[in-house]
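Every number here is computed from the coordinates shown, using simple stated rules; none is lab data. Since this is a predicted model, take the numbers as computed values, not measurements. Note that each Cβ is placed from the backbone with ideal geometry, even for glycine, and that neighbours are counted across all protein chains shown.
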Amino acid sequence: MTDQTTHAVAFTPEDLPTARSFFQPHRIVMMLVFAGFVIGVAVFMRWDWLPRYLPRLGWGILISLVMLFSTSILGFLLAVPIGLAQVAGPWFFKLPAKVFCTVIRGTPLLLQLWLLYYGLGSLFPQFPAIRQSFLWPYLREAWPYGVAALTISFAAYEGEVMRGAFAGVPAGELEAAKAYGMSRWTMFRRIWLPRAIHRALPTLNGETVLQLKSTPLVATITVVDVYAVISKVRQETFLTYEPLLLLALIYMCLTGILVVAFRTFENRIPTRGA
Amino acid sequence: MASDSIVNWSLLALSSPGWGGVLLQGFVNSIQIAIGGYALGLTLGVGGAFGKLYGGPILRDLLECYTTVVRAVPELVLILLLYYAGTDLLNQLLALFSIGPVDISGLMAGIFVIGVVQGAYSTEVLRGAIKAVPAGQIEAARAYGMSPLKVLRRVTLPAMLPYAIPGLSNLWLIATKDTALLAVVGFSELTLVTRQAAGTTKAYLLFFLAAGALYLTLTLVSNIFIGMLERHARRGFAEQR
């Protein structure tokens, strides 16, 4: 995905409204209409189930967030070598990294998730060595497969972003580092990686927002995230719209918080004004 | 080693005992939805982009709400909401005109759902592309006395295309992959069909890998066409890099 597409598909800091922008006459009217709509929804739809499910919803949101952050961090740690291998590696690193990115980016995440969960999950029990290993209690659960699939997917998309970011660091800066007598590792640690991350940061943040939008998929393999809790509500109360509307609201709030957090984070990094 | 260490390829046979035919039918369904949804999304996107750039304040804000909601809520949730809300609304609308409820085909519902999601994305891509067209070109067209529609057809659309194609081609790839999400609402596209086949035969790895190969083929073939299209659209541009 190019940076431009990530930008178009993910909600980014530039899309946040400013406080002043709310006080235009037509917006005040629109907000009143919207408030009327919200009140209508609150009064005329059924929300009596909400208190019963609140604790579970809280847990679900927590699981979703844990999924998001663990897979984003793990995925990013994988993405750095993948991106680096494609830029600077010899062909026997470059080729697998390229194939990995192409294959993962070319197939739906849901399919990868099900491949891991149903495919590997049905394969593992056939090996006594795995059944007896200390990993088995975890491998019987669903969440490791969810984490693995989300991590792999994030690593592939980020690997591509990092490839561009590594390649985009001006050669002069690297030459300057070399001229200072830095070793290759020092150069990578001090100049290349920080500069690449700096360049990729807006795209990385966009991809993290997209990753949040991918987390509900793990509910299809019985991980109890907020989506799964809402599905449970729908099954037990036979309501269609109310739980889904609440779910959409929850995700919008999560996205909003994430984007605001990223904006504060990005603003703290000094950039040359352009 | 496992009992199925030798791959039972006959499971992928096209005729009845094998599941190859079923898989291919699902693949065709997926492609149909992707094409339909993409086309609908593009139409919505063109309208949305022009509305956002040249529309009145209220239209602009409404479009902003549309793109914000779609970009902030997971596709899976949107698909469920649109799927139920869309069919419900249509049936209630038909009831108003005292026409009995219709059974909406999964294909139409899928195209609608994917189209609405894609519409928001392409609105943003196209808006960016239109803004990249030098304002002087559009002003010149206006100065020649072209009607707005003619400006659109002769200048804005062709001039923005090179800027839009990378984003739009990514959206096409996203559309093909988003069709997999329709498995969750029970539409028999490739991913759901694959899971059914795998569940019946217990050959999970074989079928999921086969489906993955189909999706990957679609992506790679698309990439070839995208490359050709991009070269065509960028002809006359100064070579970059």
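As a calculated quantity, the FRET efficiency between A:L201 and B:Y54 at R0 = 35 Å, using C-beta atoms, amounts to about 0.60. Remark: spin-label model distance A:Q235-A:K94 equals 5.1 nm, labels positioned 7 Å along the Cα→Cβ axis.
The modelled label-to-label distance between A:T186 and B:Q25, using points 7 Å beyond Cα along the C-beta direction, is 6.7 nm. A Gaussian network model of chain A, with springs between Cα atoms under 10 Å, assigns the largest mean-square fluctuation among A:T208, A:T237, A:T255 to A:T237. For the residues of B:202-212, the average number of beta carbons from a partner chain within 10 Å of their own beta carbon is 5. Just checking the listed ones, A:D15, A:D225, A:D48: in the Gaussian network model of chain A with Cα springs under 10 Å, the one fluctuating most is A:D48. Can you tell me the FRET efficiency between A:F37 and A:A179 if r is taken as the Cβ-Cβ distance and R0 is 56 Å, rounded to the nearest 0.05? Plugging the Cβ-Cβ distance into 1/(1 + (r/R0)^6) gives 0.30. Largest first, the extents of the alpha carbon coordinates of chain A on the three principal axes equal 70, 64, 28 Å. Could you pull out every whole DSSP H run in chain A that spans at least 20 Å of Cα extent along its own axis and averages -0.5 or higher on the Kyte-Doolittle scale? Qualifying helices, which must be both long enough and hydrophobic enough, are A:25-44, A:50-88, A:91-106, A:143-168, A:193-214, A:241-267.
Binning at 10 Å from 0, report for segment B:34-187 what percent of all alpha-carbon pair distances ends up in each bin. Each 10 Å bin holds this share of Cα pairs: 11, 34, 31, 17, 7, 1. Rounded to the nearest 500, the helix-only mean residue ellipticity at 222 nm of chain A stands at -23500 deg cm²/dmol, with each DSSP H run of n ≥ 4 adding -39,500 (n - 2.57).
Each other residue within a Cβ distance under 11 Å of A:D15 adds +1 if Lys or Arg and -1 if Asp or Glu, for a net charge of -1. Among A:V260, A:V229, a tally of other beta-carbon atoms within 10 Å of each Cβ gives an order, fewest to most, of A:V260, A:V229.
When the P(r) of segment A:116-245 is calculated, the portion above 23 Å amounts to 58% of the C-alpha pairs.
For chain A, a simple Cβ point-charge model (Lys and Arg +1, Asp and Glu -1, everything else neutral) yields a dipole of about 460 debye relative to the Cα centre. Using a Gaussian network model of chain B in which every pair of alpha carbons under 10 angstrom is joined by a spring, one finds that among B:S188, B:S105, B:S222 the greatest mean-square fluctuation is at B:S105. Here is the tail figure for the protein assembly as shown: Cα pairs spaced more than 34 Å apart come to 43 percent of all pairs.
The modelled label-to-label distance for the pair A:W136/B:R234, using points 7 Å beyond Cα in the direction of Cβ, is 5.5 nm. The ellipsoid equivalent to the alpha-carbon distribution of segment B:56-99 has semi-axes of 26, 18, 4 angstrom, derived from the gyration tensor eigenvalues as √(5λ) and listed largest first. The chymotrypsin sites (Phe, Trp or Tyr not before Pro) found in segment B:157-241 that occupy coil by DSSP, while having at most 15 further C-beta atoms within 10 Å, are B:F237. Exposure proxy shown here: for B:F112, A:F92, the number of other Cβ atoms within 10 Å sets the order, fewest to most, as A:F92, B:F112. Loop-resident trypsin sites (Lys or Arg not before Pro) (DSSP state other than H, G, I, E or B) in segment A:21-83 with no more than 13 further Cβ atoms inside 10 Å of their Cβ: A:R46. In the protein assembly as shown, taking the dipole from charged Cβ atoms about the Cα centre, the farthest positive-side position among B:A175, B:A72, A:F93 is held by A:F93.
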